Amino acid sequence: MINIMPINIERVKHSRLPEIDFNNLPFGRIFSDHMFVADYENGEWKEGQIVPYADIPLSPATSALHYGQAIFEGMKCDRDANSTDVLIFRPQDNARRFNQSAVRMGMPEVPEELFLEALYELIRLDRNWVPTEANSCMYMRPFMFATDPMLGVRPSDTYKFMIITCPVGPYYSKPLNVLVADKYVRAFPGGTGYAKAAGNYAASMYPMTLAKEKGYDQVLWTDGFTHEYLEEIGTMNVFFVIDGKAYTPELDGTILQGITRDSIMQLLREQGVEVIEKKINVHEIFEAHKKGTLQEAFGAGTAATIISISGIGYKNQHIDLPSAASRTVSEKVKKHLNDIKCGLTNDIFDWIVRV
Ligand SMILES: Cc1ncc(COP(=O)(O)O)c(C=O)c1O
């Protein structure tokens, strides 16, 4: 029997809200007053609690720290432009993906009702933390990790599921210069690429540092066999616009199934743009650039929504993409998506949950 209601709430005595400069929000460093915590023990989820945001005590032997059973989600909510409602974007999809990650990492699933009710309750409580400023919003971070205080490689028996939230400004301040991976791999068929597992990001840090040393902002990951088929960027899926058509790498188990990616595909089709999911070879992109048919490239993910790619490096070659004036496809779809997220236009696909 899953015990999800009611969620116990312990409120902060003094809110930190008056101390926050909402015109100057760094990404992911300022946390709202409260957090949600639920423990998994003896094969079931215990009653969840909302408590003041604070450090948590952990055993040095905590299983997740040693063997990496840790997963997370990233999602956003905005203020409704026309009411006091807070609009959460596609939370059910994040709940589903969270459980796909949990299964792959040998962790217990979190019942969708628990995931969603905890999220809604937390947002209700900290709704004044959701920024009203342009280009700012609330980022929500549900996560789960193994808590057995034990050394030994086996799935943990105990887990913590938590949600923390933070008001955030823009993730990137300028278009990205990306380096195509030709040595290191983020994911491999049969691996954990489609899961939002902490270890996937850990493995990307070193290649990202090397890319930065070469003057690039991010790595554009490729398949592990040929290093020619493009997969995704750091925390984003990738799109290319060639001759008026939008292309994105097909999902093959090594790529995260992005909710922004899916939203963009639906919106582009709605706008009459043909969208093609396929294997995309880096040479096709360089060839299209040579012929003058590569109009734009962009990354798509919750943190940045849509961010243009200004340059692509591959081995000893580099191309600079056409300038801002030609980014008509991404600018239009970005506006449409942002307008839906803020309640400025019809939510034609029923993506928004109001709290
Ligand atoms: C590796 C990776 N790919 C793609 C995405 C984009 O996914 P979404 O649009 O659901 O945020 C993310 C961000 O969550 C990511 O971390």
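Bear in mind these aren't lab numbers, they're just calculated from the coordinates by the rules spelled out. Worth saying up front: this structure is predicted, and the values here are computed from it rather than measured. Using ideal geometry, Cβ is built from the backbone for each residue, glycine included, and neighbour counts are taken over all protein chains shown.
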Projected onto the charge dipole of the chain (+1 at Lys/Arg Cβ, -1 at Asp/Glu Cβ, origin at the Cα centre), which of A195, C137, F161 gives the Cα projection farthest towards the positive end? C137
What do you get for the angle between helix 198-213 and the principal long axis of the chain? Use alpha-carbon atoms, 0 to 90 degrees, nearest ten. 40 degrees
Looking at region 263-342, which chymotrypsin sites (Phe, Trp or Tyr not before Pro) are in a loop (DSSP not H, G, I, E or B) and have at most 16 other Cβ atoms within 10 Å? none
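Helix-only mean residue ellipticity at 222 nm, the chain, DSSP H runs n ≥ 4 weighted -39,500 (n - 2.57), per residue, nearest 500. What is it?
Details: 7 runs with 85 residues, N = 355.
It lands at -7500 deg cm²/dmol.
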May I ask for the Rg/Rh ratio of region 251-355, computed from Cα atoms with Rh as the Kirkwood radius, given to two decimals? 1.00
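Dividing the convex hull volume of the alpha carbon atoms of region 8-168 by its residue count, what do you get in Å³ per residue? If you can, show how the numbers build up before the last one.
Details: hull volume 19.4 nm³, N = 161.
Here the figure is 120 Å³ per residue.
Quick one: plug the Kirkwood hydrodynamic radius of region 103-182 (C-alpha pairs) into Stokes-Einstein at 37 °C, 0.692 mPa s, and report D in µm²/s.
205 µm²/s
What's the local net charge at S156, with K and R +1, D and E -1, over the other residues with C-beta under 14 Å away? The partial results should precede the final answer.
Numbers: positive: R154, K160; negative: D39, E41, D148, D157.
Computed value for this residue: -2.
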Limiting things to C-alpha atoms, what are the Rg and the maximum Cα-Cα separation (Dmax) for region 72-142, in angstroms? 13.3, 43
Alpha-carbon Rg with Dmax, taken over region 13-59, Å: 14.7, 46
When we measure straight from the Cα of K160, which aspartates and glutamates land under 15 angstrom away, once same-chain ones fewer than 8 places off are left out? D39, E41, E44, E47, D55, E73, E109, D148
Please compute the Cα-Cα pair-distance distribution of the chain with 10 Å bins starting at 0, giving whole percents from short to long. 5, 23, 32, 26, 12, 2, 0
Using a cut-off of 15 Å between beta-carbons, work out the net charge of the residues near A325 (Lys and Arg +1, Asp and Glu -1, A325 not included). -1
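For region 179-251, which trypsin sites (Lys or Arg not before Pro) are both in a DSSP coil and crowded by at most 10 other Cβ atoms within 10 Å? Don't skip to the answer; put the middle values down first.
Values: sites: K183, R186, K196, K212, K214, K245; in loops: K183, R186, K196, K214.
Hits after loop and neighbour filter: K183, K214.
Provide the convex hull volume over Cα atoms per residue for region 176-341, in Å³.
On the way: hull volume 17.2 nm³, N = 166.
Cα-based convex hull of region 176-341, divided per residue, equals 104 Å³.
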How far is helix 112-125 tilted off the main Cα axis of the chain, in degrees rounded to 10, range 0 to 90? 80 degrees
Do any GluC sites (Glu not before Pro) in region 225-266 lie in a loop, going by DSSP, with at most 16 other beta-carbon atoms within 10 Å of their beta carbon, and if so which? E228, E250
